[in-house]
Every structure is written in structure tokens, then in C-alpha cells.
Amino acid sequence: MLTLSVIKADTGGWVGHSAVHPAMVARAEQAVDAARGDLLLDGQVATCGDDLSLIMTHEHGRDADAVHRFAWDVFLQTTEVARGLGLYGAGQDLLSDAFSGNLRGMGPGYAELDLTERPSEPVLCFLADKTEPGAWNLPLYKMFADPFNTAGLIIDPHMHDGFLFEVYDLFEEKRLVLDCPTELYDLLMLIGAPARFVVHQVVSKTLQEAAAATSTQRLSLIAGRYVGKDDPVMIVRCQSGLPAVGEALEPFSFPHAVAGCMRGSHHAPLMPVAAADAHPSRFDGPPRVICLGYQVHEGRLVGPRDMFADPAFDRARAQANEVMDYFRRHGPFEPHRLPLSDLEYTTMPSVAKRLADRWEPFAPAESAMSLADSASPAGQRPGRH
Ligand code: F6R
Ligand code: MG
Ligand code: MG
């Protein structure tokens, strides 16, 4: 059994929160090179915005102490590089002082998937910046449950039975599995609320294997305070009874609105871009997604291909820019700004405290009428216009 692990962290931004410095990438690459053929079968380093990802194949299974410890050590090293260059927010996602067992709850995000390698194994790794794990809900629904997106659901006999969706409730820390298409409406009731319910895994009923996995950590819940957006990653296996590569990319032709832009507190469109353009700048956004495609062969990562470096996604990018203009014109109003309960930054407690004594009950109907009477000429009540 082979495991594909994508483990990521923001260990410092260059400049602000917009990118990872090349010296950090070089340090991570040195570490991955040294581990290749030993701990790892193969490994690569990739970035999206200010997040650095380690894309690794190995035989230690998911949540393996050795692999997670390796990633943690790499992130400590990139933090050191970031500190040396005075980069912004150095070590921001490393929430714990010491590693203990695995990375759950420690800050870095990870998506891991066990697979029995098929004769040809096409895999897509999606990396996003300035958003949260729930951003994958809509694309995953489209890939694995929407026949208007994925033709194979109707015409491929290996897909026709559908898929199992494992959903996490991040607020109550519990999970359930929904069987689609039978339980499609229940699925949508939940995952349409992506701040709380997140698709963690998708399993093929026919192949009896995982088809997709996401990172589902919410840093703000882990840390109990704002520590940066989760900037999630996702792995999707493709072809031969799973969505074709083109079916897995198709949902991103619609730049759907996601939470996470600017101070983790705004909705903005998710823009699919080539790796070279994954550097959010305007209003710390718009949020970006890149897709690195690999053929996994005998554990080796043959790739990456930069899947969104394709003019076919130009319209999605143009639409994302238009939608960004539209959202920005709302300024501090919802739905650009997130609802009060979801803000990562807030002054609400101090504002509420300061204004607490100045609130009054609504005036009773009579006194409201007398106010209106006194305001209108000759004491007459204003008519309706
Ligand atoms: C970081 C992010 C940014 C920051 C913003 C303010 O992932 O989304 O939008 O929240 O740049 O950062 P601070 O508070 O560090 O000045
Ligand atoms: Mg950052
Ligand atoms: Mg980030």
C-alpha cells in the first residue's frame, strides 16, 4: 500500500502574506532530497501564496509519526530561514513547542490518501491560499456527485453507483459518511455550510478505495484565536472509474465565493491560476488555487504538470476579477465581510462593551407616533409615499 501525503504550513511570508521566499523552498528541497529513497519513496516541494507544501509518497500509512515528524522538522528549518530574513509571520502555523506523535492539532494542514497503485495512476494535488478547507466542498460535490459536471457518473459503469462522502463537523468534532446519490440532499444541506461542515474524504463504491482527501484543520478553532487561514490542500485520484482529469478540473471554471480573504474575514472568488501566478496581492487576494498533476509510478511522482496554466481557465480568472470588484465595493458590509460569528479578526467585543450602556428599548408605538407628529408640519402625520 502506497500513501500520498501533502503536508503544508505557512512558516513565513515574503512580502507580507503573499509568497514563500525561494531560500525557504531551497531549504525544504534539500531536506526532501535527503529523505528520498529512505523515509520517502519520492517527494517534491511546492508553494501557493505564503504556504509551503511537501508532496510525498511513502509506505508508512496515514498519520505516520515518522512522516509527520519529518514535515515538522522541515517547517522548523524553513521558519529558521524566514527568521534570518525577517520574513513576515515566521513560524506562524507551528502552534506547538514540540512534536508529539502526529501533526493533528499542531498547526500544519495535511491531506493523506492510501492507494493501491493502478497500472497508471493520475493524481491531482490542489493547493489553495487565503481560504479554508470548506472551499473544497463545492468542487468535490461537482466532481463526484453532479452529472452536469461529471459525465462519467451517468455513462461510466464504474462510476454509476456513486461515491461515499465522509463529512466532518468541525464545530462538534464528529464525522459521518453519506452515501451518494441516495443521500445527496442531506449532503448538500450540510456542506452548503462550509465554515462548519467539510468533506474530508470521498470513497469510490465500485473501487472500494479513497478517491479524494482534503486537509480539514481549522487553525482558528485549534488555537482559539486568529492565527491565519487554513489555506487547505486536496488530493484527487483520476480516470478509470474515477473522475477524468478534465472532470476534476471543470468545477474550477466557476470561481465560487469562498471565505478567507483579507484578515481571514472576507468572502472573495477562488481564482484558479498557474503556479507562477499564485501570489495573492490585491486585498490579500483574491484567494488562489493551483493544481499540480502527477502520474504516480512505482511510488515516483512523475510531474508536476501545472494544470491551470491553460487558456481554458482565462474566463474563470477574468470572472474572478469582476467578482472581486463587485465584492470590494461592499467595503465593510456583508456578504463581502463574513458574518460576525465567522470573523477571524474582530473588534466587536470592545465595541459592544463601550456601547453597552447606550442601548435603549425600542420606543413604544405611542411615543413613536408622537415623535412623528411633532416632526411633521402643522402636527399632521406624514402620508405614505
Ligand atoms: C493571512 C491573511 C492576511 C492577513 C492580513 C493582516 O493569511 O489572510 O490577509 O490577515 O494581511 O495581517 P496582520 O494582522 O499580520 O497584519
Ligand atoms: Mg501568512
Ligand atoms: Mg497562506
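Quick one: which strands (runs of 3 or more DSSP E) lie wholly within segment 173-260 and hold at least 3 residues that are within 16 Å of ligand 3 (Cβ to nearest atom)?
257-260
Considering each residue of segment 261-283, count those that are small (Gly, Ala, Ser), part of a loop (DSSP other than H, G, I, E, B) and under 23 Å from ILE191 (Cβ atoms), and give that number.
Number of matching residues: 1.
How many residues, within segment 37-51, are away from ligand 1 (no atom under 16 Å from the Cβ) and charged (D, E, K, R)?
Qualifying residue count for the region: 2.
Mind counting the residues in segment 1-19 that are assigned to a loop (DSSP other than H, G, I, E, B), over 16 Å from GLY109 (Cα atoms) and within 12 Å of ligand 2 (Cβ to nearest atom)? Talk me through it step by step, then tell me what you get.
Our first condition is that a residue be assigned to a loop (DSSP other than H, G, I, E, B); within segment 1-19, this holds for 1, 10-12, 14-19.
Narrowing the set further to residues that are over 16 Å from GLY109 (Cα atoms) leaves 1, 14-19.
Pick out the ones that are also within 12 Å of ligand 2 (Cβ to nearest atom) and you get 14-19.
Residues meeting the conditions: 6.
So is LEU94 in the same structural domain as PRO232 (by TED's automatic domain parsing), within 16 Å of ligand 1 (Cβ to nearest atom) and touching a residue at least 40 places away in the same chain (Cβ under 8 Å) or not?
No; evaluated as a whole, the condition is false for this residue.
Got a number for residues in segment 127-139 being part of a helix (DSSP H, G or I) and buried (at least 24 other Cβ atoms within 10 Å of the Cβ)? Full working, then the answer.
First, the residues of segment 127-139 that are part of a helix (DSSP H, G or I): 133-139.
If we keep only those that are buried (at least 24 other Cβ atoms within 10 Å of the Cβ) too, we end up with 133-137, 139.
Summing the residues that are part of a helix (DSSP H, G or I) and buried (at least 24 other Cβ atoms within 10 Å of the Cβ) in segment 127-139 gives 6.
Do we find that ALA34 is within 16 Å of ligand 1 (Cβ to nearest atom), part of a helix (DSSP H, G or I) and at pLDDT 95 or above in this structure? So that I can check it myself, show each step before the final result.
On the way: within 16 Å of ligand 1 (Cβ to nearest atom): no; part of a helix (DSSP H, G or I): yes; at pLDDT 95 or above: yes.
In short, no.
Looking at TRP14, is it aromatic (Phe, Trp, Tyr), within 16 Å of ligand 1 (Cβ to nearest atom) and outside the structural domain of ASP306 (by TED's automatic domain parsing)?
yes
When residues of segment 89-126 are filtered for being surrounded by 23 or more Cβ atoms within 10 Å (Cβ to Cβ) and within 14 Å of ligand 2 (Cβ to nearest atom), how many remain?
Total satisfying the criteria: 4.
Go over the candidates ALA276, ALA248, ALA259 one by one and state the one that is in contact with a His (Cβ under 7 Å, 6 or more places away or on another chain) and either modelled with pLDDT of 95 or more or crowded, with 21+ Cβ neighbours inside 10 Å (or both).
ALA259
Just a yes or no: is a residue in segment 52-63 of a type in the set (D, E, K, R), away from ligand 1 (no atom under 16 Å from the Cβ), surrounded by 16 or more Cβ atoms within 10 Å (Cβ to Cβ) and modelled with pLDDT of 95 or more?
Yes, there is a match, as at least one residue in segment 52-63 is of a type in the set (D, E, K, R), away from ligand 1 (no atom under 16 Å from the Cβ), surrounded by 16 or more Cβ atoms within 10 Å (Cβ to Cβ) and modelled with pLDDT of 95 or more.
Find the residue count for segment 140-172, including only residues that are hydrophobic (A, V, I, L, M, F, W, C) and either farther than 22 Å from SER240 by Cβ or not in a helix (DSSP H, G or I) (or both).
Step one: filter segment 140-172 for residues hydrophobic (A, V, I, L, M, F, W, C), giving 140, 143-145, 148, 151, 153-155, 159, 163-165, 167, 170-171.
Then drop every residue that is not either farther than 22 Å from SER240 by Cβ or not in a helix (DSSP H, G or I) (or both), which leaves 148, 151, 159, 163-165, 167, 170-171.
Summing the residues that are hydrophobic (A, V, I, L, M, F, W, C) and either farther than 22 Å from SER240 by Cβ or not in a helix (DSSP H, G or I) (or both) in segment 140-172 gives 9.
In this structure, does LEU95 turn out to be assigned to a loop (DSSP other than H, G, I, E, B) and touching a His at 6+ places or on another chain (Cβ under 7 Å)?
no
Inside segment 214-245, can you point out the residues that are at pLDDT 85 or above and within 13 Å of ligand 1 (Cβ to nearest atom)?
ASP230, ASP231, PRO232
If you check HIS158 against the conditions, is it under 21 Å from ASP114 (Cβ atoms), more than 21 Å from the chain's Cα centre (by Cα) and at pLDDT 95 or above? Walk me through it before giving the result.
Values: under 21 Å from ASP114 (Cβ atoms): yes; more than 21 Å from the chain's Cα centre (by Cα): yes; at pLDDT 95 or above: yes.
Against the criterion (under 21 Å from ASP114 (Cβ atoms), more than 21 Å from the chain's Cα centre (by Cα) and at pLDDT 95 or above), HIS158 qualifies.
Determine if segment 284-297 includes at least one residue that is part of a strand (DSSP E or B), within 16 Å of ligand 2 (Cβ to nearest atom) and either over 18 Å from the mean Cα position of the chain (by Cα) or closer than 17 Å to CYS48 by Cβ (or both).
yes
Hey, can you tell me all the residues within segment 25-51 that are surrounded by 15 or more Cβ atoms within 10 Å (Cβ to Cβ), free of Cβ contacts under 8 Å to residues at least 60 places away in the same chain and not charged (D, E, K, R)?
Going through segment 25-51, the residues surrounded by 15 or more Cβ atoms within 10 Å (Cβ to Cβ) turn out to be 25, 27-29, 31-32, 35-36, 39-51.
Filter once more, keeping what is free of Cβ contacts under 8 Å to residues at least 60 places away in the same chain: 25, 27-29, 31-32, 35-36, 39-40, 45.
Answer for segment 25-51, where residues must be surrounded by 15 or more Cβ atoms within 10 Å (Cβ to Cβ), free of Cβ contacts under 8 Å to residues at least 60 places away in the same chain and not charged (D, E, K, R): VAL25, ALA28, ALA31, VAL32, ALA35, LEU39, LEU40, VAL45.
State whether the residues of segment 192-202 include one that is farther than 19 Å from HIS267 by Cα and of a type in the set (Phe, Trp, Tyr).
No - not one qualifying residue is present in segment 192-202.
The values are calculated or read from the model by the stated rules, or taken from the named source; none is laboratory data. These numbers come from a predicted model, not from an experiment. Methodologically, a virtual Cβ is constructed for each residue, glycine included, from the backbone with ideal geometry; neighbour enumeration extends over all protein chains shown.
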